[in-house]
Amino acid sequence: MTQTEIPSSISTAHHGGTERKWWHYFTFNEDHKVIGVQYLVTAFFFYLIGGLMAAVIRTELATPASDFVSPETYNGLLTLHGTIMIFLWVVPAGAGLANYLIPLMIGARDMAFPKLNAMAFWMIPPAGITLALSLLVGEAPQAGWTSYPPLSLMTGKVGEGIWIFSLLVLGTSSILGAINFLVTILKMRVPSMPTNKMPLFCWSMMATALLILIGTPVLAGALILLAFDLLVGTAFFNPMGGGDPIVYQHMFWFYSHPAVYIMVLPLFGAISEILPVHARKPVFGYQAIAYSSLAIAFLGCIVWAHHMFTSGTPAWLRMFFMIATMVIAVPTGIKVFGWLATIWGGKLSLNSAMLFAMGFVAVFVIGGITGVMLASVPFDIHVHDTYFVVAHLHYVLFGGSVFGLYAAIYHWFPKITGRLVNETWGRIHFILTFIGMNLTFMPMHQLGLQGMNRRIALYDPKFTSLNELATIGSYLLAVSTIPFLINAIWSWAKGPKADGNPWNALTLEWQTSSPPAIENFEVLPVLTSGPYDYGLEEEEVGLPTAQAGSATLSSSPGA
Amino acid sequence: MNIPSSILTMLAGIALTLASIWYGQNHGLMPVEASRDAELIDGLFNTMMTIGTAIFLLVEGVLLVCLVKFRRRPGDTSDGPPIEGNISLEIVWTAIPVVIVLVLGVYSFDVYNSMGGFDPEAAQDPSAVQVAMLPGDSEVMPLIEGASHPMGHQHLALGIGASPETAGKPADLTVNVLGLQYAWIFTYPDLGITAGELHVPVNKDVRLLLKAQDVIHAFWLPEFRLKQDVMPGSLQSELRFTPTRAGEYPIICAELCGPYHGAMASKLYVHTPEEYETWLQSQVANRPDQVQTIASTSDPNVNYLAPFSQQLNQQWGIDRALEHLHSQVHSQAQVHSQAQVHSQAQVHAQMDRSMELTADHSNLQQLIAHPAA
Ligand SMILES: [Cu+2]
Ligand SMILES: [Cu+2]
């Protein structure tokens, strides 16, 4: 019972002289697996930097007065925190997963354009390091990650210039990656895999790639015009010269709302992979989950102005974007209910990957509910630009994307490294993260509703106690990464060896050795079942000896 | 203990519904309601909280049941039942969100309409005409012009206008609001008052016309659930509301506008009629005669110059507001001692601005002396 039939002769060929050396990961390597790991490790490095900035921000906010860093530094920190977490952590981490997994999942030997792929990755470190260093030399951009003119034209040319430069480079990298994902998924599948047998991760990456290709060029246009205003003194967006700052907002959000889905769709895909494996049940409603990704991508393109309900937008526009935004709840609901039905009645292995995947559903749903509330114009008028929005976006991006990334890392860790993680430490990591996340962001809902605006270093003392809670929560979150880091590093070096398919999963990436050989598959696999046919077939299929260990698990007569 | 699971499910459903309805009404998360708009929005929010709580409890409940009931027992290596979907179930959980979205959409639309979101007056303001006729107004005093008059070419309804009941009627009180780093300045064009805090009478239809001088700010009244971005340049925005509860309320800038964004705050005082009268008298008593003098000495042009004298009046007011601003920034600096040095710099920046204003002032006087020039 696996998805493939691989001639058993190939299993002996795995351990030839084609092993990866550690230094390959520091070179311009065209292997999608190396690039995937490069993306993931680089992104996690920036996650730690962005997290450190968050800790400083929360320390400042532990007291109502502006007394820990200077107000200018504070604005630099909040700008860089947002920019780094979005453009250097979640987006590239999703791209890293896609790079590693797509060719393996569809039975390809590499991505469609390996050289382009490597180029896309190597644009990230210089852009990211320049951006992060701007803080150390006292020239951080200070206008928030949204960088609205005219404020962004008045807070320091160097910092704003660095911000624009970094984003242009990161955007280009993202576009190159997206072209690669799309072409690979469409053109490189093994002949026996029609689109409706594709793993759901590939569906969601297809939707993600489309969004990147539609949205990012518009962001690039906005950034270039902003750069002209900043450096040459044109007035595209500067009202002092007759420009229109609202046009910038439209162009910015035309990318940056879809960016939310660019950040969360890959993890929707990952969750759709992880839940069936550890619940030992087929995914519930494959077609619905697959097409809902495309529906989300389509709707995600026509809702951008919900970020501008209190801005220069006329009433009819506000109403249109309200309805369009609310409608996204429908395909998102289809996914959430589909996931719940997938695990309902299953045999759940509550390992680290599964806990984070279930935790993802548990916290993401809160962000989804507040998202529908925020879509309602009259209510949004009250809470726009308040801590309610900060709470909402962190439930979506931390509860969604970060929980999803952790679930994915735990799930595919044996595949990537060939070793198993320590599940006890993984569970401790999950519990600390879950408590820390809710302690940090739950009080922010109330803060925003009660009247605390966002992006402020000093606040009304009546908000002190809730802010103290949030600060304690953020420290807990900082601490929670320690067990993860120790576990990941130790397990990578010394963890027990994993075989090719430790979870006894059906998708193709598990039907080769761990870590996979350089060319992924010695002989291209042939599909014999769907990706999630758990409990469906009881008869034994010809298993290669590499999977012998796990085969005993799968062939047992259950159900 | 053999209760059929259908009864258990039904009991759980009833408990979930009751809990959601209770929490939707008793969450206590909103500040006091100081206007009818606030009551409308809170009604909408309570409905969304009820639905949201129900969905939350349903999802978390299912997850918890799975966690406990469906976890793998030691030694069990079998798979779960091979259920790949259920069309009718999928139709149900597609249709329910569709219905919820429709209901919330219609409800939100209705609330937005009742608040005055669709007011056509806000789209095209009749008072724009008088500005357009003045010679060289935009060059002479960009700050005042923007603050006191809507632009003639403005067609966007920015903000919240008259509610359907008050549509077409002039507001009881119109106040011009200017946002600048890091203060709000309130000008009462009909009364010749300028202040750093907003005073309005209770139960009167108040209309704020908002402009920014430097960057985008946002004018937020949490107790009134009202917020509107305030734009520099030619766009003017509007907020119209009727305070129903006397008291003192925060005015907050909600759009990042620079390092001291968090310090950009003021107060809204909703007065009883008597209190408001007292406040008006105290303001008028402080008013210098300068403005009236100019208006009356230029007799032949008195009608022509009326708008100018009105503007001058505001001009004077802004100087006073800047004084207020200085003291405000000073007190902020004392509260946030760390920021003191920077705040001093802010004071100086504001001083510079008031110098510019003085320059404008003399320009204007020249214009009045030689209207043909
Ligand atoms: Cu959005
Ligand atoms: Cu501000």
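Some observations on this one:
- Between 0 and 90°, nearest 10: helix A:329-343 axis offset from chain A longest Cα axis: 40
- Among A:224-230, A:249-255, sorting by the average number of other beta carbon atoms lying within 10 angstrom of each residue, highest first, gives A:249-255, A:224-230.
- Using only alpha carbons, segment B:19-68 has a radius of gyration to Kirkwood radius ratio (Rg to Rh) of 1.16.
- Measuring between alpha carbons in the structure, the pairs from A:Lys33/A:Lys347; A:Lys494/B:Lys69; A:Lys281/B:Lys69; A:Lys21/A:Lys497; A:Lys157/B:Lys267; A:Lys187/A:Lys281 lying more than 25 angstrom apart are A:Lys33/A:Lys347; A:Lys494/B:Lys69; A:Lys157/B:Lys267; A:Lys187/A:Lys281.
- Phi angles across segment A:286-296 convert, under the Karplus curve 6.51 cos²θ - 1.76 cosθ + 1.60 with θ = phi - 60°, into 3J(HN,Hα) values of 3, 4, 4, 5, 5, 6, 5, 4, 5, 5, 4 Hz, Gly and Pro given as x.
- Chain A: proportion of alpha-carbon pairs further apart than 31 angstrom, %: 46
- log10 of Debye I(q)/I(0), alpha-carbon scatterers only, for segment A:61-153 at 0.20, 0.22 Å⁻¹: -0.99, -1.10
- Sorted on the mean count of surrounding Cβ atoms within 10 Å across their residues, most packed first, peptides A:51-57, A:370-376, A:462-468 read A:370-376, A:51-57, A:462-468.
- Across q = 0.13, 0.14, 0.23 Å⁻¹, segment A:347-468 modelled as identical point scatterers on its alpha-carbon atoms has Debye log10 I(q)/I(0) values of -0.59, -0.66, -1.21, in the order of the q list.
- With a 10 Å cut-off around each Cβ of A:314-326, the average count of Cβ atoms from other chains is 5.
- Taking θ as phi - 60° and the Karplus parameters 6.51, -1.76 and 1.60, the scalar couplings of segment A:387-402 work out to 5, 4, 5, 4, 4, 4, 5, 6, 5, 7, 8, 8, x, x, 4, 6 Hz in sequence order, x denoting glycine and proline.
- Cα-projected label distance for B:Thr77 with B:Val65, points at 7 Å along beta-carbon direction, nm: 3.1
- Among the residues of B:231-238, the average count of other protein chain beta-carbon atoms within 10 Å of the residue beta-carbon is 5.
- Across peptide A:354-362, the average count of Cβ atoms from other chains found within 10 Å of a residue's Cβ is 2.
- Label-point separation, B:Val98 to A:Trp316 (7 Å along Cα→Cβ), nm: 2.7
- In the context of the full protein assembly, A:Trp304 retains an accessible surface of approximately 50 Å², using a probe radius of 1.4 Å and ignoring ligands and nucleic acids.
- Degrees separating the helix A:423-450 axis from the principal Cα axis of chain A, which is the longest one: 30
- Segment B:196-251 - Debye-derived log10 I(q)/I(0), Cα point model, q = 0.18, 0.19 Å⁻¹: -0.63, -0.70
- Simple point charges give the picture: +1 on the Cβ of Lys and Arg, -1 on the Cβ of Asp and Glu, and for chain A a dipole about the Cα centre of about 200 debye.
- Buried accessible surface for the A/B chain pair comes to about 7600 Å², total over both chains, computed with a 1.4 Å probe.
- Peptides ranked, highest mean first, by Cβ atoms within 10 Å: ranges A:378-391, B:44-57, B:163-176: A:378-391, B:44-57, B:163-176
- Rg and Dmax [Cα atoms of segment B:159-280; Å; Rg one decimal, Dmax integer]: 13.7, 41
- For the residues A:Tyr406, A:Tyr291, a 1.4 Å probe over the protein chains yields an accessible-area ranking, largest first, of A:Tyr291, A:Tyr406.
- Net charge contributed by nearby residues that have their C-beta within less than 12 Å of A:Phe413 (K/R +1, D/E -1): +1
- Per-residue SASA entry for A:Glu519, accessible area with 1.4 Å probe, Å² rounded to 10: 110
The values are calculated or read from the model by the stated rules, or taken from the named source; none is laboratory data. Only a predicted model underlies this, so the values are computations on that prediction, with no experimental measurement involved. Cβ atoms come from the backbone with ideal geometry, glycine included; neighbour counts cover every protein chain shown. Each accessible area value is taken on the protein alone, full model and side chains, heavy atoms only, with ligands, DNA and RNA left out. Shrake-Rupley method; radii C 1.70, N 1.55, O 1.52, S 1.80 Å.
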